[in-house]
Amino acid sequence: MPDASLLTDEVRAMVGEETPMGRVRVTPKAYRRALEVYTGRIPRSAPAPGEPVPGYVLAALDSEADTPAMPSLLPNSLLISNEWQFERPLRMGEEFESVYSVVAINERFGGRFGYSIDFRAEVIFKDPHGNPVARSGRTMTQYSAAEARDGGGT
Amino acid sequence: MTLDSSAVREGDELPILHLRPDLGQVIRYCALQWAFPPFFYDAEAAKAYGMPGTLVPGPLKVGLLYRAVDEWLGDAGWVCQVRAAHRRPDLTNRPIDIAGRVARVYDENGARRADLELAIINEQGEHSVRGFAVVEFTRPG
């Protein structure tokens, strides 16, 4: 365990910062690719403009821009959770403004990883009026395998 | 078969979704995200990370949970939220089951909703992912 918290003011200041990621659109290509990935089916056609599409199309929108890297405070990292949230179904042809945000950074003491730091970040997809329509979140934990119980591996 | 949302009750179980994510599916997922960590497709790289084989990406698994809920729900509603807490890795080309049950049915803002508890279960019977979802029983208009 470090002698002092690794959550410096500079690191804490990242929480709540929003980074614009640009515009993304729900396209027939995004729909077809996401459907093939998640179901193995290759659709013959795509929903008409304005029709609802499955939420996993979000994964195809995520890829339009690279999210900023988290600071590397400890030598090892592990994905511990993913979450998708929708205010309403996504629709074919919709355009969103995507915004990256660090939601929370927390230290943990003890447990399987020993001292560890959780970073929760999300990409928010906003409609043209600025209203959030969907969020894609993930939580990564950083830890030191040398100090973790059984190396921290899963 | 169409789900009768008015008959959904706490304790109802979702049909088990039997899957075997293979390397092709994982590579298509990596292409969708345009992210290619080698332990997802290169067995030697996975071994260097201490894994016995290539891994099913965690973010792919949240989408598989979504699929299991979406297929159960059909046209009876839409998925508002899905969450995956990753407990242990799943290897490619190994069978997994996605199980779920209705934990709570309630009204919120004039809409009927349900909370679902979900799990991905590996061939050893271990829960590799604990999941959660919220659905709303209205047709997307």
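Taking the criterion of being small (Gly, Ala, Ser), modelled with pLDDT under 95, over 18 Å from the mean Cα position of the chain (by Cα) and not in a helix (DSSP H, G or I), would at least one residue in region B:33-44 satisfy it? Yes: one or more hits. Residues in region A:35-66 that are under 17 Å from the mean Cα position of the chain (by Cα), in contact (Cβ under 8 Å) with a residue 12 or more places away in the chain and either closer than 15 Å to A:Arg25 by Cβ or more than 9 Å from chain B (Cβ to nearest Cβ) (or both): 8 in all.
Counting only strands (runs of 3 or more DSSP E) wholly contained in region B:58-127, the ones carrying 1 or more residues that are closer than 22 Å to A:Ala34 by Cβ and away from chain A (no Cβ under 11 Å) occupy B:96-108, B:111-122. Selection of first residues in region A:67-94 that are more than 7 Å from every other protein chain (Cβ to nearest Cβ) and of second residues that are β-branched (Val, Ile, Thr) and part of a loop (DSSP other than H, G, I, E, B), restricted to Cβ pairs under 6 Å at least 6 apart or on distinct chains, gives the following pairs, ordered by first then second residue: A:Leu90/A:Val26; A:Met92/A:Val26; A:Glu94/A:Val26. If I ask for residues that are more than 14 Å from chain A (Cβ to nearest Cβ) and of a type outside the set (Gly, Ala, Ser), which ones from region B:1-31 would you list? Within region B:1-31, B:Met1, B:Thr2, B:Leu3, B:Asp4, B:Val8, B:Arg9, B:Glu10, B:Asp12, B:Glu13, B:Leu14, B:Pro15, B:Ile16 qualify.
The values are calculated or read from the model by the stated rules, or taken from the named source; none is laboratory data. This one's a predicted model, so the numbers in the text were calculated from it and none came from an experiment. Here Cβ is always computed from backbone atoms with ideal geometry, including for glycine, and neighbour counts include all displayed protein chains.
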